[in-house]
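The values are calculated or read from the model by the stated rules, or taken from the named source; none is laboratory data. Computed from a prediction, not measured in an experiment: that's the story for all the values here. Here Cβ is always computed from backbone atoms with ideal geometry, including for glycine, and neighbour counts include all displayed protein chains.
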Amino acid sequence: MKFKLFPASTVAVVATLVTALASAQGSGAVAQDKMFQPVQMEPLLTISQPVIQPLPGEAQVQSADAAPQDDEAEAPAATLAELVSDQETGGELSPEMRCLAGAIYFEAKSESLPGQLAVGRVVVNRSKSGRFPASYCGVVYQPSQFSFVRGRSMPAINTGSQDWREAVAIARIADAGSWRSSAEGALFFHAARVSPGWRLARVTRIDNHVFYR
């Protein structure tokens, strides 16, 4: 058999390549060209993931289980007159509320709304003070306290009048404490035309009444 001889240089080159290849496979560290490195992809959002911020020009969509907005929620009254107009003045009154409204009606129906409220708050304050009867009717009918009281009764009231409807509205506000009176804390008052000489702390004067605590 005849053998073909190759130049020594060719044999040396082949041997070098075989050795290099065997060495790389044995170590497990295959060198990668940077051009062919895999790109790390960002994971896609699934449909269950919430969108944190809407795209410009897009409206924020309300969740189906979110509480609906109450477009008819009432704003707080800006004035006492507005609050008075918001009150329910029809229907039957409880005996206690009738006593409170009656005191306002007879003592202050010719006064301004703040003046009427101040009188109403005096009755409320007395009922809570521990120094007077604990009910509105008890306060109103306590002997020698209110000049309009005749024994254990009030004079007749024109319940169809604007004055009475106003007194009922003010009574509801005074009872609920939903509007602060400038005579807050007062337990006594008298007409400005008289000077009883009380040794009490004066709170304020509103219209034709002077209030004390």
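Note on region 130-184: residues that are exposed (fewer than 13 other Cβ atoms within 10 Å of the Cβ) and more than 26 Å from the chain's Cα centre (by Cα) total 17. Comparison of Ser182, Ser161 shows that the only residue that is at negative phi, in contact with a Ser or Thr (Cβ under 9 Å, 6 or more places away or on another chain) and hydroxyl-bearing (Ser, Thr, Tyr) is Ser182.
Regarding Leu21, is this residue in a helix (DSSP H, G or I) and either exposed (fewer than 10 other Cβ atoms within 10 Å of the Cβ) or at pLDDT below 80 (or both)?
Numbers: in a helix (DSSP H, G or I): yes; either exposed (fewer than 10 other Cβ atoms within 10 Å of the Cβ) or at pLDDT below 80 (or both): yes.
It is true that Leu21 is in a helix (DSSP H, G or I) and either exposed (fewer than 10 other Cβ atoms within 10 Å of the Cβ) or at pLDDT below 80 (or both).
Here is a yes/no grid of residues against (1) part of a loop (DSSP other than H, G, I, E, B); (2) modelled with pLDDT under 95; (3) touching a His at 6+ places or on another chain (Cβ under 7 Å):
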site	(1), (2), (3)
Ala134	yes, no, no
Gly138	no, no, no
Ser144	yes, yes, no
Asp163	no, no, no
Ala167	no, no, no
Ile170	no, no, no
Ile173	no, no, no
Ser181	yes, no, no
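Selection of region 85-124 for residues being in a helix (DSSP H, G or I) and farther than 16 Å from His190 by Cα yields Ser85, Asp86, Pro95, Glu96, Met97, Arg98, Cys99, Leu100, Ala101, Gly102, Leu113, Val124. Restricting Val194, Val210 to those that are in a strand (DSSP E or B), out of contact with any helix residue (DSSP H, G or I) (no Cβ under 9 Å at 6 or more places or on another chain) and either among the hydrophobic types (A, V, I, L, M, F, W, C) or under 16 Å from Phe106 (Cα atoms) (or both) reduces the list to Val210. Examine region 171-180 for a residue that is charged (D, E, K, R) and farther than 14 Å from Gly102 by Cα, and state whether such a residue exists. Checked against the condition, which is being charged (D, E, K, R) and farther than 14 Å from Gly102 by Cα, region 171-180 yields at least one hit.
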